[in-house]
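Q: Structure below; questions to follow.
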Amino acid sequence: MHTLQERPQATPWQLFRLWGLIGLQSFGGGASTVFLIQRTFIDQQRWMTMEEFSQYWNLCLFTPGINIVAITVLIGRKLSGWRGVMTSLLGLLLPSATITCLLAAGFVLVQHSHAVQAILRGVIPATAGIMFLVAVNFARPIVQREYKAGIKALVLSAAIMLASAAALIVFKLSVIALLLSVALLGALIFTPWRSVKNTPNAPTPQPTSEIAEEGNVSHD
């Protein structure tokens, strides 16, 4: 079984090539791009773990702008410094932006074609399936970690997942309000509050005089 490198490093050219391949294959939107990033850097190259990726992605959720661009910056910085950031962004955006411009120009000519509409009807369900797989990948390390922490922590995490989905679907809560709310809730629930009373007290050392007296008694 392969093991993760202790200090993963990649050359700027490697990052440009890998991100370029991701940019060329990321059909179907952000979900397919996230899936390709996970498969490339976690499963194939083994330069990071799913837990690390989840931490980076959570950080991206609290930053404005495009999450894919943000995660590209973080991974590029992790693997090759600031040169990695520049080559990663160039590799991701250059091929995909070029293809998108060409497709947008050509789509105007064929957008009313029945064949094109039939193709889109097949692509959209596939995109939903990719989004589901990405969600499972994100949830798997959470479930494993909380299961080790105890059934209570696992139930609380599952409740937060369901409540977040309900807040977005039913109550139309904004994403910013949702993230701030669950961040505060997580701080209250998962912070290991420990009172001084519950901390086991260290044995109180006996005075030197008492130790000497006990030693005299034992000699007698």
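Q: Which one is surrounded by the fewest Cβ atoms within 10 Å (Cβ to Cβ) among residues in the range 71-84 that are free of Cβ contacts under 8 Å to residues at least 24 places away in the same chain and within 17 Å of Val34 (Cα to Cα)?
A: Filtering the range 71-84 for residues that are free of Cβ contacts under 8 Å to residues at least 24 places away in the same chain and within 17 Å of Val34 (Cα to Cα), the one surrounded by the fewest Cβ atoms within 10 Å (Cβ to Cβ) comes out as Val73.
Q: Being without any contact (Cβ under 8 Å) to a residue 60 or more places away in the chain, touching a helix residue (DSSP H, G or I) at 6+ places or on another chain (Cβ under 7 Å) and either within 24 Å of Leu24 (Cβ to Cβ) or polar (S, T, N, Q) (or both) is the filter here, so list the residues in the range 101-152 that pass it.
A: Result: Val110, Val116.
Q: Tell me which residues, restricted to the range 114-127, are surrounded by 11 or more Cβ atoms within 10 Å (Cβ to Cβ) and either at pLDDT 75 or above or touching a Pro at 6+ places or on another chain (Cβ under 7 Å) (or both).
A: Once the filter is applied, which keeps residues that are surrounded by 11 or more Cβ atoms within 10 Å (Cβ to Cβ) and either at pLDDT 75 or above or touching a Pro at 6+ places or on another chain (Cβ under 7 Å) (or both), the range 114-127 yields only Ala126.
Q: For the structure I just gave you, tell me whether Leu89 is in contact with a Ser or Thr (Cβ under 8 Å, 6 or more places away or on another chain) and assigned to a helix (DSSP H, G or I).
A: In short, yes.
Q: Residues that are more than 27 Å from Ile42 (Cα to Cα) and within 21 Å of the chain's Cα centre (by Cα): find the helices (runs of 4 or more DSSP H) completely inside the range 98-198 holding 2 or more of those.
A: In the range 98-198, the matching helices (runs of 4 or more DSSP H) lie at 151-169, 175-190.
The values are calculated or read from the model by the stated rules, or taken from the named source; none is laboratory data. Remember, predicted model here, so these are calculated numbers, not experimental data. Cβ coordinates were reconstructed from backbone atoms using ideal geometry, including for glycine residues, and neighbour counts include every protein chain displayed.
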